[in-house]
C-alpha cells in the first residue's frame, strides 16, 4: 500500500552526507490504509506510518531500503483522514544507515520516529 504523493521537495538543509526532503501526501477517508482501523473512527496505523516513511525515503533518496532494527515511532496526535495535506519530513544519514521522519498536519507535529536500515 502506497501513500498518495502530492509533491516532493528536496530541502537545502543538507549537511555533510545527511539528505533531507519534505513530502506532501493526500489522506482521503477512502484510502485503503484506513480499512478496518477503526470502523467509525479511522486512524492511520503506526505500522503504516513507519512503512510509508521507509517507502518515501527510497523514492526521495534513490535507495532500496528494508527496515532492519531499532524501529521507533512516537505519537503526539492521532492522524485521521485529512481535508488538509499531511506532510512528512525525511532525513537520511547514510553513515548511520538511519532514516528519521516527522509527520505533520499543517504545523502540528503528529508523530516522529526513526529506523536503522539495511540497504
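FYI, it's all coordinate maths here, none of it is from the lab. Keep in mind it's a predicted model, so treat the numbers as computed, not measured. Positions of Cβ are generated from backbone atoms using ideal geometry, with glycine treated the same way; all protein chains shown enter the neighbour counts.
Compute the separation of the alpha-carbon centres of the range 96-119 and the range 21-46 and state it in Å as a whole number.
Taking the Cα centre of each part, the range 96-119 and the range 21-46 sit 17 Å apart.
Over the Cα atoms, compute the radius of gyration (one decimal) and Dmax (the largest Cα-Cα distance, rounded to a whole number) for the range 66-119, in Å.
12.4, 38
To test your reading of the geometry: what angle, between 0 and 90 degrees and rounded to tens, separates the Cα axis of helix 46-61 from the longest principal axis of the chain?
40
Using only the Cα atoms, work out Rg/Rh for the chain, with Rh taken as the Kirkwood radius, to two decimals.
My calculation of the ratio gives 0.96.
With n ≥ 4 as the cut-off for DSSP H runs, can you work out [θ] at 222 nm for the chain, using -39500 (n - 2.57) per run divided by the number of residues, rounded to the nearest 500?
It comes out at -4500 deg cm²/dmol, rounded to the nearest 500.
Could you calculate the contour length gain from residue 69 to residue 6, that is, 0.36 nm times the residue separation minus the distance between their Cα atoms, to one decimal place in nm?
Additional length available on full extension: 19.7 nm.
Take the Cβ-Cβ distance between residue 116 and residue 84 as r, set R0 to 35 Å, and report the resulting FRET efficiency rounded to the nearest 0.05.
0.65
Which whole-number percentage describes the relative contact order of the chain, with Cα contacts under 8 Å and a sequence gap of 6 or more?
In percent, rounded to a whole number, it is 27.
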